[in-house]
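Below: the structure, in structure tokens.
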Amino acid sequence: MAKKQYAVIGMGRFGTSVAKELSGMGFDVLAIDAREQRIQEISGIVTHAVSSDSTDEEALRALGIRNFDVVVVAIGEDIQSSILTTLILKDLGVPVIIVKAKNELHGKVLQKIGADKVIFPERDMGLRVAHHLVSPNILDYIEISDDYSIMELRAAPEMIGQNLRELDIRARFGCNVMGIRSGGKMNISPHPEDRLAEGDILVIVGQKNDLTKLELAFPK
């Protein structure tokens, strides 16, 4: 299966965070910003970095933006540019468009013009967004130190019916299942013979690299 390709427009703190995280997870990332300095700063981290005006339809067309699976519009203060960029991306046929909103009104406009998901930075950190883009099964992702994180993982179809011993997450990925939420109830001491049912949510702790391996093993 071919890896998804991501484009991130706007290399402010939010956009840079998303681009760095996706790139660190091994995905092809195109970074776009009108400011040459921002592009120089990110160029050594992402696959491609281009200084371009995202409100120029021909410029985006020339970059082949329609060929990317997901485009994240992370433009900061310029609401007009954010809206115009989203309209252009929609018109060009980009499959999935994720847009950062400055406020609720901005977010409502973005939804009306066709944004697939609107992000509010105050509630959604770039790190969490990146992990959810890779695997929709990831419901939450929280850093607890420089090396360790906790994530909530919805049981993937291939997990359902298996017990924790059969899944052997610790041996395969080096991560520990701290708990299982099932039917609104949390089991904080899951037994190795506990079988997963549809809708179950696993709370897993591990090193960041190990968690990445786990989430990439269940991308759908």
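The values are calculated or read from the model by the stated rules, or taken from the named source; none is laboratory data. Note that the structure is a prediction, hence the values are computed from the model and not measured. Neighbour counts are summed over all protein chains in view; Cβ atoms, including those assigned to glycine, are modelled from backbone coordinates with ideal geometry. The area values use the complete protein model at the heavy-atom level, side chains included, leaving out ligands, DNA and RNA. Shrake-Rupley method; radii C 1.70, N 1.55, O 1.52, S 1.80 Å.
Restricting attention to the stretch 1-46, the residues that are in contact (Cβ under 8 Å) with a residue 12 or more places away in the chain and part of a loop (DSSP other than H, G, I, E, B) add up to 13.
Within the stretch 144-158, the residues that satisfy the criterion of being open to solvent by 50 Å² or more (accessible area, probe 1.4 Å) and touching a residue at least 24 places away in the same chain (Cβ under 8 Å) are ILE144, ASP147, TYR148, ARG154, PRO157, GLU158. Among the residues of the stretch 189-209, those that are in contact with a Phe, Trp or Tyr (Cβ under 8 Å, 6 or more places away or on another chain), at pLDDT 90 or above and surrounded by 16 or more Cβ atoms within 10 Å (Cβ to Cβ) comprise VAL205, GLY206.
Candidates ILE75, ILE97: the one that is in contact with a Ser or Thr (Cβ under 9 Å, 6 or more places away or on another chain), under 18 Å from HIS132 (Cα atoms), in contact (Cβ under 8 Å) with a residue 24 or more places away in the chain and not in a helix (DSSP H, G or I) is ILE97.
A single member of ILE32, ILE65, ILE75 is of a type in the set (A, V, I, L, M), open to solvent by less than 60 Å² (accessible area, probe 1.4 Å) and at pLDDT below 95, and it is ILE75. Being part of a strand (DSSP E or B), modelled with pLDDT of 90 or more and open to solvent by 60 Å² or more (accessible area, probe 1.4 Å), is that true of even one residue in the stretch 102-118? The answer is yes, given that some residue of the stretch 102-118 is part of a strand (DSSP E or B), modelled with pLDDT of 90 or more and open to solvent by 60 Å² or more (accessible area, probe 1.4 Å).
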